[in-house]
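Below you'll find the structure, written out as structure tokens, and then a few comments.
The values are calculated or read from the model by the stated rules, or taken from the named source; none is laboratory data. None of these values were measured; they are calculated from a predicted model. All Cβ positions, even for glycine, are placed from backbone atoms using ideal geometry, and neighbour counts span all protein chains on display. Calculation scope for accessible area: heavy atoms of the full protein, side chains included, ligands and nucleic acids excluded. Shrake-Rupley method; radii C 1.70, N 1.55, O 1.52, S 1.80 Å.
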Amino acid sequence: MIININPLRPEKDGIRRAAMAIRAGGLVAFPTETVYGLGADALNDAACRKIFLAKGRPADNPLIVHVSSVGMAEKLAYIPVALLPIIKRVWPSPLTFIVKKRTRLPDSVTASLDTVAIRMPAHPIALALIKEADTPIAAPSANLSGKPSPTDAKTVVKDLKKSVDVILDGGPTFFGIESTVIDLRDFTLLRPGPFTPEEIEKTFGVKPRIPTAAAADETDKPASPGMKYRHYAPDTKLVLFTGRIGDLIDTFSTIEKPVCLLASKETCTSIKNTNVKKIILGSRNDGYEVAKNLFTALRSIDDLGVDLAVAEAFQENGIWLAVMNRLRKACGNVELSSKEDLLELFFTKRL
Ligand code: TXA
Ligand code: MG
């Protein structure tokens, strides 16, 4: 069942119906300020297992538990007392904390780790749903495992219609990219997101540790299990160009094969070549705009009927760090930095 619902003042009736589905052990897709989530009662093991089945998600990739109050979080986990005043100030926000769990949580939620990921989403629909269900809600992004997270209800329908009991359609999400995940035990940034490292440092007075992509991806037991899986990649071959922007523009201006370019508005407008299928991500001066468009852009590549796509790389601070993290994964870490490499790719398609 799809229920249209006002994102600013969610109607009680829709919330009540979705909350009843959660209480009955069902699955509810709902918007948060980041992306849509696929939710189940976090205290109901059987309900949470349905999430893994619906998404095709590996069982060793734990879920984020969503709460509507700090008190609810404290019942599930040991929140460091010294940090409580700051957390009370900073939540709700797109900031997920890894903390030591209490024993109440089912193993399916935490993939049997002794920690749990918890966040309080800054979205009226998500908060109303958790309050009405009167239980914490475990929710990963509401996409099939490996695909970009959904930023609207239409995409949730495409991926998960068969397995969801209720979809709350509250329109497009605000940030369009998943929450920042930080391990509160040592301030390791496990996933960059809309809450930037600079904001974390300002809020907590601690500079977050940023593991290199390799360290996060290649260990057998990565700090954040989700990091080791292939994510966001289209079926079309996608590579990241990290070289000079002038070289990217020159090469694409003369290319004689149909090829897709995923780039900023500025780069796209400087290229006048009808062989190039452009997907505009937003302005190079507005990382939040690019973040918001990124997942829809990635999903649209496969509709273009080309067999090669190249993405423009951006700087790596603030919100751009999150954008680049998702882009790198979408490209399967295939990066090119010179005009020669680009040309070779176009002419031989050898990677
Ligand atoms: O914005 C978001 O965070 C969205 C919305 C729906 O809230 N949710 C989301 O969930 O992105 P998901 O499951 O797609 O990503 C959860 C991430 C994964 O990378 C997972 O490995 C990590 O959080 N995670 C969960 N529990 C963890 C734990 N105990 N320790 C380390 N990482 C954990
Ligand atoms: Mg996800």
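Once you have the Cα-Cα distance between LEU144 and LEU8, take 0.36 nm times their residue separation minus that, and quote the gain in nm to one decimal.
46.2 nm
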On Cα atoms only, tilt of 339-348 relative to the major axis of the chain in degrees: 90 degrees
The simple spin-label model distance between ASN317 and LEU113, using points 7 Å out along Cα→Cβ, in nm, is 2.9 nm
For the chain, taking Cα atoms only, what is the radius of gyration to one decimal and the Dmax to the nearest whole Å? 20.5, 62
May I ask which residue of ALA29, THR267, PHE252 lies farthest towards the positive end of the charge dipole of the chain, with charges of +1 (Lys, Arg) and -1 (Asp, Glu) on Cβ and the Cα centre as origin? ALA29
In whole Hz, with x marking every Gly and Pro, tabulate ³J(HN,Hα) for region 316-327 from phi via Karplus 6.51 cos²θ - 1.76 cosθ + 1.60, θ = phi - 60°. 10, 9, x, 5, 4, 4, 5, 4, 5, 4, 6, 4
For region 237-348, with all protein chains present and a 1.4 Å probe, just round the carbon and sulfur fraction of the accessible area to a whole percent. 49 percent
Can you give me the long-range amide H partners of LEU262? Hydrogens built in the peptide plane at 1.01 Å from N, cutoff under 5 Å, separation of 5 or more residues or another chain. ILE279, VAL310, ALA311, GLU312
For the chain, what is the accessible area per residue in Å², given a 1.4 Å probe and the full set of protein chains? 44 Å²
Kindly flag which residue pairs out of LYS161/LYS237; LYS154/LYS207; LYS162/LYS277; LYS101/LYS158; LYS75/LYS162 have an alpha-carbon separation exceeding 31 Å in this structure. LYS154/LYS207; LYS162/LYS277; LYS101/LYS158; LYS75/LYS162
Between LYS272 and THR242, with labels modelled 7 Å along Cα→Cβ, what's the label distance in nm to one decimal, could you check? 3.4 nm
Any idea how far apart VAL206 and ALA24 come out in nm if each label point goes 7 Å out from Cα toward Cβ? 4.3 nm
